[in-house]
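Report on the structure given below.
The values are calculated or read from the model by the stated rules, or taken from the named source; none is laboratory data. Because the structure is predicted, anything quoted here is derived from the model rather than measured. Cβ placement follows ideal geometry from the backbone for every residue including glycine, while neighbour counts extend to all protein chains displayed. Each accessible area value is taken on the protein alone, full model and side chains, heavy atoms only, with ligands, DNA and RNA left out. Shrake-Rupley method; radii C 1.70, N 1.55, O 1.52, S 1.80 Å.
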Amino acid sequence: MKKNYKNKKPVVLITGYLGSGKTTLLNNLLRQEKRRVALIVNDMGSINVDAEILKKNGSNVTECPMFELQNGCICCTLREEFIKQIEKISNLDTVDVVFVEASGISDPGAVSASFLAYEDDNPDTNVYLTSVVTVVDADRIYREFLDDLKKKADKESTDENNLTAEEISTLIVDQIEFCNFIVLNKCDLLNEKQLAEVGAIIRDFQPRAPIFHSVNGNIDIDQITTTKPFDYEQIDSSSAIQKAINSLNEPNRASQGCTGEYGISSFVFEEKRPFNRERFMNFVNNNYPKELIRAKGYIWFSDADANVQLFEQAGRNSSVMTVAYWIDALEEKQKQEYLEYNPDVKEAWDEEFGDRVNQLVIIGKGYNKDKITAALKSCLDEKAIA
């Protein structure tokens, strides 16, 4: 029987590898979106930094319901929780469209399969999947993964069953091949010839999805939104590598979680005391562990105790920028008014540092957590607030 999608809420799933620019893209889409939005934001760390960035950036997210899923991925360990949130949203009359930002190591094929199974089991649901958008970091693909992906493309025609799911490049391929739209981001970091090489490799794995070039996630929202339902079977059947991975028939794949499958894990570094700016930047620029794939979070420096700094690292790229101010840095009257209307902030308030905290989600493969923690602690400043 043909499904009726009239008056149902379209769902846009945004995926992509760690640091590709998913949150930046989502922010830009929200600024363009005229419909009433609901958000689901997934982050594999125990703090949901992506959701915090969206809130602090002041987009229209403040006017719509947001559901934050953390400590896992919606493709596996948080699958049931994800479906529960989708079900809640389906019953909201105040929502016209749903955007889902998946964790950087989520498998979009597994997320889509779960969602479509939910649709089949609940034919009267008011939501349906339309777009699976994969954000690809053009610079990182070229600099770090191009040779690996070329080898994998060659294997496709020779020995598909030798593909190893443990390789990080396999995860990237999973995300590239299982989508109906690709946003090739950070295109300003490559020249035309390099971009052509990246585009050709992407086409080896994803022959159908349109590829939109972008800088800082800037694209027209109409390019990646549609009212047509997502065609799971068409996408799945077009991918030789996906079929090879499916043929492995790994038992309990979902219960392993993403960290078990790809060897990627995460931890949170949290410390109230400020960083010494010079020590921290020296660590980032000269002694940063190569095993770390991605890090992201809010920090503060002893020489700028009023400012919230956002630290981000993806592969060889890293940045520190001022994004907001700490509540404790406000005038006393403003501070008390804020705390009165936001009691949750007061619960975590520190007598000496207020709401200031260094809180970093660190993601990597084969790293030594104790050494990294010790290195970060050595960057702390004995001096606190002047």
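Values for this structure:
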quantity: Gain on full stretching of the segment that runs from Lys335 to Glu352 - 0.36 nm per residue minus C-alpha separation; calculated: 4.6 nm
quantity: Arg35/Lys369 FRET efficiency (R0 41 Å; Cβ-Cβ; nearest 0.05); calculated: 0.45
quantity: Label-point separation in nm, Asp231 to Asn285, each point 7 Å along Cα→Cβ; calculated: 5.2 nm
quantity: Using a Förster distance of 45 Å, the FRET efficiency for Ala306-Asp121 (Cβ separation, nearest 0.05); calculated: 0.30
quantity: Highest-first arrangement of 30-38, 270-278, where packing means the average Cβ count within 10 Å; calculated: 270-278, 30-38
quantity: Mean-position separation - Cα centroids, the range 341-386 and the range 66-108, in angstrom; calculated: 28 Å
quantity: Of Lys22/Lys186; Lys290/Lys365; Lys296/Lys365; Lys272/Lys377; Lys34/Lys88, those spanning more than 18 Å from alpha-carbon to alpha-carbon; calculated: Lys34/Lys88
quantity: Heavy-atom accessible surface of the range 298-374: percent carbon and sulfur, 1.4 Å; calculated: 45 percent
quantity: Additional length obtainable on full extension of the chain from Ala113 to Asn317, 0.36 nm per residue less Cα span; calculated: 70.1 nm
